[in-house]
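Here the structure comes first, spelled out in structure tokens, and everything after it is commentary.
The values are calculated or read from the model by the stated rules, or taken from the named source; none is laboratory data. Everything quoted here is computed from the prediction, not taken from an experiment. Cβ: placed from backbone, ideal geometry, glycine included. Neighbour counts: every protein chain shown. The accessibility values were calculated without ligands, DNA or RNA, using every heavy atom of the protein model including side chains. Shrake-Rupley method; radii C 1.70, N 1.55, O 1.52, S 1.80 Å.
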Amino acid sequence: VQQIEEENKTPDGKEEADAAFHLAIAKAARNNALFDTVERLWGLRRNSREAALLHEKARHANIKPVVDEHTAILTALRARDPKAAREAMRAHLSQVLESLLFATEQRAVDEARRTMQARRERFSRVTA
């Protein structure tokens, strides 16, 4: 979790500690299907052009891995409280999805504003 916090301070958007955190949990679960799924998702995130663009949008909107969410997951796991861990992980993944959707929406709104401003400028020249 401390490494996630340190990576959040860097402008390059590295999220290796975030990936390691989720992979460590999947490995600790001793469930090969879960581990393979998490590993594959991080691989897609690293190698997919679409995923890279989505995460670039999130970074542009200053959305970074939330240390408090990861801390809540880790605290529940250390307490050996599966219900709390499941709830913390679900809350975290829901927030990740919301953040990515927000970043996408924000980018679309910004683009629409630029387009409308360009049209206003074009029409103001025509009517002047």
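Can we say PHE123 is open to solvent by 60 Å² or more (accessible area, probe 1.4 Å) and either within 15 Å of ILE4 (Cβ to Cβ) or more than 16 Å from the chain's Cα centre (by Cα) (or both)? Judged against the criteria, PHE123 is a match. Looking only at segment 95-110, count how many residues are open to solvent by less than 70 Å² (accessible area, probe 1.4 Å) and of a type outside the set (Asp, Glu). Looking only at that region, the number is 8.
Could you check segment 35-51 and list, in sequence order, the residues that are in a helix (DSSP H, G or I) and surrounded by fewer than 14 Cβ atoms within 10 Å (Cβ to Cβ)? Within segment 35-51, ASP36, THR37, ARG40, GLY43, LEU44, ARG46, ASN47, ARG49, GLU50 qualify.
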